[in-house]
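In what follows, a single structure is set out as structure tokens and then discussed.
The values are calculated or read from the model by the stated rules, or taken from the named source; none is laboratory data. In this text the structure is predicted, and so the values were computed from the model without any measurement. Here Cβ is always computed from backbone atoms with ideal geometry, including for glycine, and neighbour counts include all displayed protein chains. Protein only, heavy atoms only, side chains kept; ligands, DNA and RNA dropped before computing areas. Shrake-Rupley method; radii C 1.70, N 1.55, O 1.52, S 1.80 Å.
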Amino acid sequence: MEKLLSLIVPLYNEEAVLLESFRRMDAVRKEMRYPCEIIYVDDGSRDTTWEILREIAGKNACVKALRFSRNFGHQLAVTAGMDAAKGDALIIIDADLQDPPEVISAMIAAWEQGADIAYGKRRKREGETFMKRFTAWGYYRLLSSMSAYPIPLDTGDFRLLDRAVADTFLNMREHNRFLRGMSAWMGFKAVHVEYVRHERYAGGTKYSLKKMLKLAADGILGFSYRPLTLIGYLGIAIMVAAALGAIAAAICSASMPVVGWLWALTGVGFLQGLIMAAQGIQGAYLNRIYDEVKGRPLYIIKEKLEMTK
Ligand code: UDP
Ligand code: MG
């Protein structure tokens, strides 16, 4: 049977880019060797995005559009698009044309050669402020040093996912979603396709600083235990330092007078360290509860070999 592709495009107040964005994506779609549906998810836009979508969907059978009751955020808009997609491969792309739709053909080629995930890796970012580029650069490196699973550097959500990967996503219903981390956690065969990230076609970013910080926190808290365990280790280090200080003071006090507050200082230091170490232990339990609550699959089977009669 012929394979189907699904393009998933989240939209939040994108009236300024939507028509041009559709034109470019539709041109790429027509060049494809496979039939392709385009799934738009209107994430509670307050401008005319939905009216424009109504017009596009009325004229193009390949277009499906969903509209959220309010703004739920980019990661959930993409998730809703994935839930609705019927394709054998899903391609996630922003509406603003920062990720050129033309790169999709390279992702499809990688998929045809056996890749389960083909993610876009930004070789260069055009038209973004120094601050944005610097914080993004720093964040990706911090994240990859903290995460237990290698999350590729300088990649966003622009990527192709094979149906097997998408099905695994559909089983992961955690609320604070960080899709690129989830995709790294899953494993599978991932390859990258390099591209130059362009300037936004029109309008401003829809990722406010608050949304950006929430996403950054979801990346670290969803994929690393370090913030909790580090406190425990720091507490143990403080306890050891305070105990060594007390021992040194005891040795010195045999031959010379030692100021009285040193005992108080080492005592308080030791107790403070103990409290932090205890927090670390609580953190270990909390991590386990968090794991249970997230309810990620225990393991993911990629293929099976079985003798059939
Ligand atoms: N977006 C969304 N919901 C939001 C914020 C953004 O669906 O709450 C969409 C937006 O319309 C765009 C994509 O997510 O298609 C990426 O957003 P944007 O380009 O504003 O982010 P940036 O590239 O500036 O990080
Ligand atoms: Mg953008």
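What is the log10 of I(q)/I(0) for the range 112-224, computed with the Debye formula using one identical point scatterer on each Cα and no solvent, at q = 0.12, 0.16, 0.23 Å⁻¹?
-0.45, -0.82, -1.49
Pick out, in residue order, every one of the trypsin sites (Lys or Arg not before Pro) in the range 198-302 that is DSSP loop and has at most 15 other C-beta atoms within 10 Å; say none if there are none.
Working: sites: Arg200, Lys206, Lys210, Lys211, Lys214, Arg288, Lys294, Lys302; in loops: Arg200, Lys206, Lys302.
Those satisfying the criteria are Lys302.
Give the Rg (one decimal place) followed by the Dmax (whole number) of the range 1-78, computed from C-alpha coordinates and expressed in Å.
Rg and Dmax of the range 1-78, Cα atoms, are 12.6, 41 Å.
Only Cα pairs under 8 Å and at least 6 apart count here; give the relative contact order of the range 7-74 as a rounded whole percent.
Numbers: 96 pairs, mean separation 27.6, N = 68.
Rounded, it is 41 percent for the range 7-74.
Please give the calculated 222 nm ellipticity per residue for the chain, where each DSSP H segment of at least 4 residues contributes -39500 (n - 2.57) and the sum is spread over every residue; nearest 500 deg cm²/dmol?
Working: 10 runs with 158 residues, N = 309.
Taking each H run of at least 4 residues, the total per residue is -17000 deg cm²/dmol.
Ratio of alpha-carbon Rg to the 2.2 N^0.38 Å globular estimate for the range 208-272, to two decimals, please.
Working: Rg = 19.8 Å, N = 65, 2.2 N^0.38 = 10.7 Å.
Working it through for the range 208-272, the quotient is 1.85.
Please give the per residue volume of the convex hull enclosing the alpha carbon atoms of the chain, rounded to a whole number of Å³. Walk me through the intermediate numbers first.
Numbers: hull volume 60.9 nm³, N = 309.
Enclosed volume per residue, from the Cα hull, is 197 Å³.
Summing Lys, Arg as +1 and Asp, Glu as -1, what charge do residues with Cβ under 15 Å from the Cβ of Arg54 carry, Arg54 excluded?
Numbers: positive: Lys59, Lys64, Arg67; negative: Glu14, Glu15, Asp42, Asp47, Glu51, Glu55.
Net charge in that neighbourhood comes out at -3.
Beta carbons within 10 angstrom, averaged per residue: use that to sort the peptides 219-226, 253-260, 14-21, highest first. Please list the in-between numbers first.
Numbers: 219-226: 18.5, 253-260: 9.1, 14-21: 20.5.
Peptide ranking by packing, descending: 14-21, 219-226, 253-260.
Tell me whether the range 187-233 comes out rounded, prolate or oblate; compute the Cα gyration tensor, take square roots of the eigenvalues as a ≥ b ≥ c, and use a/c under 1.5 as the rounded threshold.
oblate
Taking the alpha-carbon centroid of each part, what is the distance from the range 1-29 to the range 218-239 in angstrom?
Rounded to whole Å, the Cα centres lie 42 Å apart.
Tell me the label-point distance for the pair His198, Ser253, using the 7 Å Cα-to-Cβ offset, in nm and rounded to one decimal.
Inter-label distance under the simple model: 7.5 nm.
Report, in whole Å, the centroid distance computed from the Cα atoms of the range 161-217 and the range 106-160.
9
With no solvent and one equal point scatterer placed on each C-alpha of the range 145-187, evaluate the Debye formula and give log10 I(q)/I(0) for q = 0.15, 0.30 Å⁻¹, two decimals.
Once normalised to I(0) and log-transformed, intensities are -0.37, -1.30.
Taking a ≥ b ≥ c as the square roots of the Cα gyration tensor eigenvalues, with a/c under 1.5 meaning rounded and otherwise prolate when a/b beats b/c, else oblate, which class fits the range 53-178? Present the calculation step by step, with values, prior to reporting the outcome.
Numbers: a/c = 1.43, a/b = 1.35, b/c = 1.06.
Cα axes put the range 53-178 in the rounded bin.
Once neighbouring chains are kept in place and the probe is 1.4 Å, which whole percent of the accessible area of the chain is contributed by carbon and sulfur?
Numbers: 10630 of 17070 Å².
For the chain, the apolar C and S fraction of the accessible surface comes to 62 percent.
Helix 49-59 versus the longest principal axis of the chain: what is the Cα-based angle in degrees, 0 to 90, to the nearest 10?
Around 40 degrees separate the two axes.
Percent relative contact order of the range 1-133, based on C-alpha pairs within less than 8 angstrom and at least six residues apart?
On the way: 197 pairs, mean separation 44.0, N = 133.
Here the relative contact order equals 33 percent.
Let me have the relative contact order for the chain, percent, based on Cα pairs under 8 Å that are six or more residues apart.
18
Which entries in the list Lys30/Lys124; Lys30/Lys206; Lys132/Lys189; Lys3/Lys30; Lys206/Lys294 go over 20 Å, if you measure between the two C-alpha atoms of each? Display every interim value, and only then the final one.
Working: Lys30/Lys124 28 Å; Lys30/Lys206 29 Å; Lys132/Lys189 30 Å; Lys3/Lys30 15 Å; Lys206/Lys294 28 Å.
In this structure, Lys30/Lys124; Lys30/Lys206; Lys132/Lys189; Lys206/Lys294 lie more than 20 Å apart at Cα.
To the nearest 10 square angstrom, how much accessible area does Ile289 have with a 1.4 angstrom probe?
Around 100 Å² of this residue is reachable by solvent.
Taking a probe of 1.4 Å, how large is the accessible area per residue of the chain, in Å²? Could you put the intermediate results ahead of the total?
Working: 17070 Å² over 309 residues.
Accessible area per residue, the chain: 55 Å².
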